[in-house]
Every structure is written in structure tokens, then in C-alpha cells.
Amino acid sequence: MTLKTYAGLAATGLLAILVVGCGGKSAEEQFAAAQTRFNEAQHVVDSLKRKADPVELFTPVALAYEAVADDHPRSAQAEQSLFRAAELRSQYLGDVPGALALYKRYAEDFPAAAKAPTALFMVGYLYNNNLFKPDSAEIAYKKFLELYPQSELVTSAQYELQMIGKKPEDMIPNPVIPVDTTAPPKTKRPAAR
């Protein structure tokens, strides 16, 4: 069986489980199914040494997590599902606008959750580093600092705020090369003949 066939069968199986498996289930059942799909997709990626298409494998997984949050918005599983879907969209799918929307939703729906500071920080980070919207990033970082002043990400948010709008070359200080002025000048040796 070729690599492409194996990845295609795995993705088709995941999609079939998604379509058949979500109707009328509890939040716990839906979350467990989404987690199983994630584990299966991760296994395919790991076993193929990352040669499988992550978009094809993880899109159904992200959708399954989002379905948990949509179908059971006030459940503990919704909280976990939203964050995991945001991570998948950001890290595996390269869907920055989708990840941004989910991180925002998480921060708004679950402001007291343990991962709420991370979600709001990620809003600022994605705006600044992926979408290049410094004004939106600044608003998100300032809101983060206001709401979560004790977070372990405070130093990172402060740094990001300082760097907003700067070009990469502006962030690296000019290296200072020390010159020893006390040493005698070097003399040229005559060229060998």
C-alpha cells in the first residue's frame, strides 16, 4: 500500500467517523470521539514520519472538537475542545484566521479557565506575528496584561508589546567588537618567495 493510499484511507475513515459519530451524543462521548480521532491522526503522522498531509488528517479532528463546543457550549469538554481546535488550526492546519477566532472565543467564553491567559496571549501573538496587525495585537496584549497580571506569560507579552512594529533587524543590537588599543600594531611579514 502506498503512502498516499494509506493517508487517504486514514483520512476517509476519520471523516466517516466524524459524520456518523456526532449525532445526539453527550459532550463526553463527542469529546472522547474527537480525542480518539486526534490520536489516530497523530499515529498516522508519526508512523509515516510526517510524510502524510496534516491538513487532510487533522481537518476532521479540528471539526470534531469544534462540534463538541458548538453542541455542548457550557460543558467542560467544550472548554478543552475549543482550545485543542485552536491549537490544531494554528499548528497543524496553518489556519491562522480560524485559530484566531477559536482562541478569541475561548478567552471570551472561559475567562476564568486555566488556559484563558494562553488563549488571549495567542490572540495577540497571531495578530502580531502572523497577520501583521500591530494595532490589534497591542489591544490583545494590553487586555491580557490587564486581566492576567500574574500569568507566567506576562514577561512575554511585555516583550511582544515592545517589539510591535519593529523590523527584525531593529530587534538585534549592533554587535560591539572590542578593540585592544594597548597592543602594539601588527607588522606585515614579507611574502615568502
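Assuming a ≥ b ≥ c are the square roots of the Cα gyration tensor eigenvalues, decide whether the range 121-163 counts as rounded (a/c under 1.5), prolate (otherwise, with a/b larger than b/c) or oblate.
prolate
Want the number for Val154 to Lys25: 0.36 nm per residue separation, take away the alpha-carbon distance, what's left?
Full extension from Val154 to Lys25 adds 42.5 nm.
Top to bottom by accessible area (1.4 Å), largest first, where do Arg37, Arg74, Arg105 land?
Numbers: Arg37 5, Arg74 190, Arg105 70 Å².
Descending order: Arg74, Arg105, Arg37.
Could you run the Karplus curve 6.51 cos²θ - 1.76 cosθ + 1.60 with θ = phi - 60° over the range 75-82 and give me ³J(HN,Hα) per residue in whole Hz, x for Gly and Pro?
With coefficients 6.51, -1.76 and 1.60, one gets 8, 4, 5, 4, 4, 5, 5, 4 Hz.
Given a Förster distance of 25 angstrom, what is the FRET efficiency for Asp70 paired with Phe132, based on the Cβ-Cβ distance and rounded to 0.05?
In this case the efficiency is close to 0.25.
What accessible area per residue comes out for the range 91-156, rounded to a whole number of Å², with a 1.4 Å probe?
54 Å²
Report, in listed order, any pair from Lys51/Lys133; Lys115/Lys166; Lys25/Lys51; Lys115/Lys143; Lys51/Lys115; Lys25/Lys143 with a Cα-Cα distance greater than 25 Å.
Values: Lys51/Lys133 33 Å; Lys115/Lys166 28 Å; Lys25/Lys51 34 Å; Lys115/Lys143 15 Å; Lys51/Lys115 31 Å; Lys25/Lys143 36 Å.
Where the Cα-Cα span goes over 25 Å, the pairs concerned are Lys51/Lys133; Lys115/Lys166; Lys25/Lys51; Lys51/Lys115; Lys25/Lys143.
With a 1.4 Å probe and all protein chains left in place, how much of the accessible area of the range 117-164 comes from carbon and sulfur atoms, in whole percent?
Values: 1420 of 2760 Å².
Carbon and sulfur: 51 percent of the exposed surface of the range 117-164.
Which order do the peptides 157-170, 58-71 come out in when sorted by mean C-beta neighbours inside 10 angstrom, highest first?
Highest mean packing first, the order is 58-71, 157-170.
Multiply the residue separation of Ser47 and Lys166 by 0.36 nm, subtract the distance between their alpha-carbon atoms, and state the gained length in nm to one decimal.
Full extension from Ser47 to Lys166 adds 38.7 nm.
The values are calculated or read from the model by the stated rules, or taken from the named source; none is laboratory data. The structure presented is a predicted model; accordingly, all values stated were derived computationally and were not measured. Using ideal geometry, Cβ is built from the backbone for each residue, glycine included, and neighbour counts are taken over all protein chains shown. With ligands, DNA and RNA removed, areas are computed over all heavy atoms of the protein, side chains included. Shrake-Rupley method; radii C 1.70, N 1.55, O 1.52, S 1.80 Å.
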